[in-house]
Amino acid sequence: MPPMSQKTRSSTPRLSEQAKHLSVPEGIVSSGWPAVRKTCLEKLGAEFDPWQDNAGRLILSKREDGNLAAMVDGVGMSLPRQVGKTHLIGFLVFALCVNMPGLMVIWTAHHSATTTETFLSMQGFAKRAKVAPHVKKVYTGAGDEEVRFHNGSRILFGAREHGFGRGIAGVDVLIFDEAQILSDKAMANMVATMNTSRFGLQLYVGTPPKPEDAGRSEAFKRMRREALAGTLPDGAWVEFGADSDAASDDRKQWRKMNPSYPKRTPQQSLMRLKRKLTDGDWRREGMGIWDDDDAGSRLISADVWSSTSVEQAPDDGIRSIGVAFSREGDRVSTAGVVKHEDGAHGELIAAYSGPAEAGTSQLADWLAERWRDLAMIALSGSASAALYQALVDRGVSRKVLHTLTTTEYFAANTMTVDALQSETLTHPEVPGDALTASVAVSDMKKRGQNGQWGWEATTPDGDETPVEAFSVAYWAARTSKRKPGRKQTLI
């Protein structure tokens, strides 16, 4: 993990010494925090605990080109309740608005109640004696909550459950409160509002997700998993929490889980919170302890996958085949998709693990017997060139073969997810089969600067190649213009 470029005083604990988990972006050379902190202290009358001071420095850390170091993936923060999160973020964005005329900030939570509570806090900020001179007006109408500054900067508040934020252009700062309830779709819709911003600050702030948040917490869980694995070079992660095996009533853990205790957060506040919550919720929301994440994460929710399963495949249509190799070439999966009048239907044909040469030879023999009945044989992955040549050597026409480019592979993944969500792509109803198992543990892995992503298994024994082959076959079915000579039944 790269060290922060600017050190705190020796008497002040480092963020790495206080946080349970900390991941920082690569290439940090400076931070915009000193200027923001100065505004907070001198113009807004705010003071910060050591952890808040250090977190602010990380949030606004910059690279040599002057851009935020976490501009691509954002800053994720897993924080227990009563830790001083609203104080830090509230003053940070108020100071940014004062320092940067015309700044557009969106502060969104999943639930309306949380949004209302946050807005009331910010309304209180705006009325403070030192803050009020900078504020032009506070709008309090339902659905129109906003703090507007004299210099044109604005902070808008709204709930994601009501579709707030979509379609708003020119956003410079996005704050995702309750990030543990943030679907990939909602995140994508909101992040798109920042396309024209040269600032591009994203904050994902939440508590460890509950079991019932499954399907809506994948973005937050994926960010944490990448941070802990050291594969989040363009983002930051800050996590405070007690030891995973700590007892729920262990007072010795309170300083560790809550860096604002007891100075800013008194003992009574934590005791009151503990008594109001169930033991499970107290461990997650009060102590910051994550549930075991061994099950991995998935992009295609169980509900979407279930809703697109069918007992019987279409009787006929135009068939295409997709083949996907793992990066190491030791795994390969083959899927078929038939395009019919109402959409498309796909099935996994086979998944193989072992020496690439043996798998390629057997697969080439099998495909060579069937290529004349196919619109396309689409190949993706490390051993694609070897399979392509093996098929040509067996007499398969090059007109049927296509090796996907990286861009086409990205497009295939997005097309497949969109088709499943719109229920125009179906699959067999076979619980526990290799394709269903692959979908259950495969998530998106960003592989470019423009939102492109590939499939990646999120468990040690997971296999992403079945869902990759399914996606590649669907792309082939959608893009091929070739029509085999006779009508065929499904594979």
Enumerated strands (runs of 3 or more DSSP E) restricted to the stretch 377-491, each holding at least 1 residues that are of a type in the set (K, R): 442-446
Strands (runs of 3 or more DSSP E) contained entirely in the stretch 306-372, each with at least 2 residues that are more than 32 Å from the chain's Cα centre (by Cα): 318-325
Residue within the stretch 373-392 that is at pLDDT 95 or above, surrounded by fewer than 22 Cβ atoms within 10 Å (Cβ to Cβ) and of a type in the set (S, T, Y) present: yes
Test: residue in the stretch 92-115 that is in the same structural domain as P266 (by TED's automatic domain parsing), without any contact (Cβ under 8 Å) to a residue 12 or more places away in the chain and of a type outside the set (K, R): yes
Lone qualifier among K263, K274, K252 - being exposed (fewer than 13 other Cβ atoms within 10 Å of the Cβ), within 24 Å of Q52 (Cα to Cα) and free of Cβ contacts under 8 Å to residues at least 40 places away in the same chain: K252
Breaking point among (1) buried (at least 23 other Cβ atoms within 10 Å of the Cβ); (2) over 16 Å from E178 (Cβ atoms); (3) touching a residue at least 60 places away in the same chain (Cβ under 8 Å), for G56: (3)
Members of the stretch 209-248 that are over 23 Å from N189 (Cα atoms) and buried (at least 24 other Cβ atoms within 10 Å of the Cβ): V238, F240, G241
Check on A236, assigned to a strand (DSSP E or B), within 26 Å of R57 (Cα to Cα), small (G, A, S) and outside the structural domain of S353 (by TED's automatic domain parsing): yes
Test: residue in the stretch 64-81 that is touching a Ser or Thr at 6+ places or on another chain (Cβ under 6 Å), closer than 22 Å to V191 by Cα, buried (at least 24 other Cβ atoms within 10 Å of the Cβ) and in contact (Cβ under 8 Å) with a residue 12 or more places away in the chain: yes
Qualifying positions in the stretch 211-240 - modelled with pLDDT under 85, more than 11 Å from the chain's Cα centre (by Cα) and charged (D, E, K, R): E212, D213
Search result, residues across the stretch 245-290 that are within 17 Å of Q18 (Cα to Cα), of a type in the set (K, R) and over 31 Å from the mean Cα position of the chain (by Cα): R251, K252, K263, R264
Selection status of V135, closer than 22 Å to G56 by Cβ and free of Cβ contacts under 8 Å to residues at least 40 places away in the same chain: yes
Filtered residue count, the stretch 416-438, keeping only those that are closer than 14 Å to S471 by Cα and either charged (D, E, K, R) or crowded, with 17+ Cβ neighbours inside 10 Å (or both): 11
Members of the stretch 61-78 that are closer than 27 Å to E285 by Cβ and modelled with pLDDT of 95 or more: A70, G74, V75, G76, M77, S78
Residue count for the stretch 21-79, restricted to those that are in a helix (DSSP H, G or I) and out of contact with any Pro (no Cβ under 7 Å at 6 or more places or on another chain): 18
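Being among the β-branched types (V, I, T), surrounded by 15 or more Cβ atoms within 10 Å (Cβ to Cβ) and part of a strand (DSSP E or B) is the requirement here; does T86 meet it? Walk me through how you get there before you give the answer.
Working: among the β-branched types (V, I, T): yes; surrounded by 15 or more Cβ atoms within 10 Å (Cβ to Cβ): yes; part of a strand (DSSP E or B): no.
For T86, the condition - among the β-branched types (V, I, T), surrounded by 15 or more Cβ atoms within 10 Å (Cβ to Cβ) and part of a strand (DSSP E or B) - is not met.
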Residue count for the stretch 456-488, restricted to those that are closer than 19 Å to R370 by Cβ, among the polar types (S, T, N, Q) and at pLDDT 90 or above: 1
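The values are calculated or read from the model by the stated rules, or taken from the named source; none is laboratory data. Values in this document were obtained by computation on a predicted structure and should not be read as measured data. All Cβ positions, even for glycine, are placed from backbone atoms using ideal geometry, and neighbour counts span all protein chains on display.
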